[in-house]
Amino acid sequence: MEYKTTIGLEIHAELRTKTKMFCHSKNDPEEKKPNVNICPVCLGYPGTLPVINKEAVKHVLRVGKALGANLADFTEFDRKNYFYPDIPKGYQISQYKYPLVSGGELAGVKITRVHLEEDTARSSHEKGDYSLVDFNRAGVPLMELVTEPVITSAEQAVNFARELQLLLRYLGVSYANMEKGEMRVEANVSVSKTDTFGTKCEVKNLNSFRTVEKAIAFEVARHIDILESGGKVVQETRGWNEQKQETYSQRNKENAHDYRYFPDPDLPKLKLSDVPELLSAELPELPAQKRVRFDKEYGVKEEDREMYIFDQKLGDFFEETIKIAEDKKLAALISNYITSDLAGLQKNNPDIDPFKNITAQYFSDLIKMANGGELSSRGAKDALAIMFKEGGDPKKIAEEKGLIQKNDEGELIAMVQKIIAENEKVAAEYRAGKEASIMFLVGQGMKASKGSANPQVLKKLFETELKK
């Protein structure tokens with residue numbers, strides 16, 4: 001019998017607020033200088049009193065609403081007691097028994113709870129035989145989401161984490177950049193041959209989707225190897241070693257009673273129904289809804305649609321172009337030029353903002369010229385490359401660079417006759433029944449016209465001349 005993999009995720013995300021969770025110190029993830037956004041409250045000085053950040057509470061409730069979860073009426077904050085240098089008070093203010101959000105679902109994964117707490121300070125250990133602590137992050141509002149243990153593969157875990165990151169960004173509650181530590185994933189992994197869960201190990205602080213997938217895959221293989229050799233998996237907390245591409249033991253896994261949770265006596269209990277504006281926030285169009293609408297309205301292929309879902313700026317540009325073009329039949333062509341050509345230019349020139357130089361109006365004009373035959377595919381790509389770097393009207397660019405496609409048969413016939421005369425062998429092959437030979441002649445025509453001739457018109461002219 002094969003082993004069954006069971007995974008539960010705990011995901012932390014720093015929230016976008018002006019100030020920290022329980023004080024007025026600035027919440028600035030971009031701050032480079034250590035220990036500047038601090039005050040007696042977030043440093044845990046004796047006699048200080050915390051004050052709840054209403055905006056942070058609202059953010060978590062909006063997430064709950066988007067997940068279709070149950071929003072708490074009554075909630076409170078608790079003290080989670082443990083000693084570590086990055087916890088200045090000797091405890092972390094978190095939520096235990098009464099979280100803000102319970103239940104819900106995302107990407108087919110059921111959610112246990114979503115609660116609100118304060119982040120820890122940031123420790124660094126690369127300075128020799130001592131450590132440094134930066135308290136800028138201490139007290140930043142931190143959302144923690146816990147899934148049910150229903151995920152069955154590393155790939156599914158990564159897909160869920162990506163979808164959550166996307167949701168947080170759409171809601172505007174978190175930037176959720178993993179490389180900056182604004183979103184951190186922890187995975188609880190176990191394997192078993194029965195329906196009873198195996199012994200779980202938690203892998204902490206996974207800071208990229210690639211690392212999440214690798215760490216979970218490694219843990220699954222490690223557990224199976226231990227069990228197959230007759231051993232027992234030890235419940236523990238593990239970390240990920242990027243150099244060795246493996247997990248390593250950090251400490252025995254703590255249980256809830258180890259933290260001695262109790263309600264924080266300095267913070268009031270919250271009855272949220274008494275603050276209706278917290279519960280009545282309007283939600284924007286969410287990723288799942290946008291997928292359905294894009295498929296129904298525009299019928300673009302799945303990979304294009306996903307690009308627009310993950311890059312909202314690109315998706316907005318696509319929709320604005322269609323609106324200006326006033327023709328949804330052009331959706332596929334517009335999408336092709338955006339996802340292939342414009343995105344390609346953007347990838348190769350990351351320092352250039354394409355939306356600064358290219359307006360939706362000019363992009364719409366370019367697509368109409370390509371669709372109407374004024375520009376060949378090559379000509380449209382060349383014009384777009386110029387627009388990307390310099391901006392400008394595609395019609396003027398095409399005229400100045402000689403990109404306007406020649407459709408006039410009278411202008412092209414002399415060139416066609418000359419090419420046939422210069423390629424008598426190929427012409428003879430075509431006349432003898434080798435129809436593919438005509439494409440060589442068309443290619444010569446495109447070369448001679450520097451791409452300005454309409455290939456369909458050229459093909460028609462070659463066929464007519466070769467039948468004479």
Task: Pair list, Cβ under 7 Å, 6 or more apart: the range 36-60 residue free of Cβ contacts under 8 Å to residues at least 24 places away in the same chain, other residue among the hydroxyl-bearing types (Ser, Thr, Tyr) and surrounded by fewer than 19 Cβ atoms within 10 Å (Cβ to Cβ) - done: 40/48
- [ ] Quick one: in the range 178-204, of everything that is under 20 Å from the mean Cα position of the chain (by Cα) and part of a strand (DSSP E or B), which residue is farthest from residue 154 (Cα to Cα)?
- [x] 183
- [ ] Output the number of the condition that residue 278 fails; it satisfies all remaining conditions of (1) more than 21 Å from the chain's Cα centre (by Cα); (2) at pLDDT 95 or above; (3) crowded, with 16+ Cβ neighbours inside 10 Å.
- [x] (2)
Task: Qualifying positions in the range 240-253 - surrounded by 11 or more Cβ atoms within 10 Å (Cβ to Cβ), within 26 Å of the chain's Cα centre (by Cα), on the phi < 0 side of the Ramachandran plot and among the polar types (S, T, N, Q) - done: 241, 247
Open item on the list: So, residue 237, is that one in contact with a Phe, Trp or Tyr (Cβ under 6 Å, 6 or more places away or on another chain), of a type in the set (Ser, Thr, Tyr), surrounded by 14 or more Cβ atoms within 10 Å (Cβ to Cβ) and in a strand (DSSP E or B) or not?
Closed with: no
Task: Sole exception among (1) of a type outside the set (D, E, K, R); (2) crowded, with 22+ Cβ neighbours inside 10 Å; (3) within 24 Å of residue 28 (Cβ to Cβ) for residue 64, by number - done: (3)
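Looking at the structure I just gave you, is residue 335 among the hydroxyl-bearing types (Ser, Thr, Tyr) and surrounded by fewer than 18 Cβ atoms within 10 Å (Cβ to Cβ)? Please lay out each step first, then the result.
On the way: among the hydroxyl-bearing types (Ser, Thr, Tyr): yes; surrounded by fewer than 18 Cβ atoms within 10 Å (Cβ to Cβ): no.
No; evaluated as a whole, the condition is false for this residue.
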Task: Condition broken by residue 305, with the remaining ones in (1) in a helix (DSSP H, G or I); (2) over 26 Å from the mean Cα position of the chain (by Cα); (3) surrounded by 17 or more Cβ atoms within 10 Å (Cβ to Cβ); (4) at pLDDT 95 or above satisfied - done: (2)
- [ ] Select from the range 363-401 the residues that are modelled with pLDDT under 95 and among the hydroxyl-bearing types (Ser, Thr, Tyr) and write down the one among them that is surrounded by the fewest Cβ atoms within 10 Å (Cβ to Cβ).
- [x] 377
TODO: Output the number of the condition that residue 433 fails; it satisfies all remaining conditions of (1) small (Gly, Ala, Ser); (2) modelled with pLDDT of 80 or more; (3) assigned to a helix (DSSP H, G or I).
DONE: (3)
Task: Subset of the range 447-464 (residues that are on the phi < 0 side of the Ramachandran plot, at pLDDT below 80 and surrounded by fewer than 18 Cβ atoms within 10 Å (Cβ to Cβ)) - done: 448, 456
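The values are calculated or read from the model by the stated rules, or taken from the named source; none is laboratory data. Since we're looking at a predicted model, the values are computed, not measured. In this analysis, Cβ positions are derived from the backbone assuming ideal geometry, glycine residues included, and neighbour counts consider all displayed protein chains.
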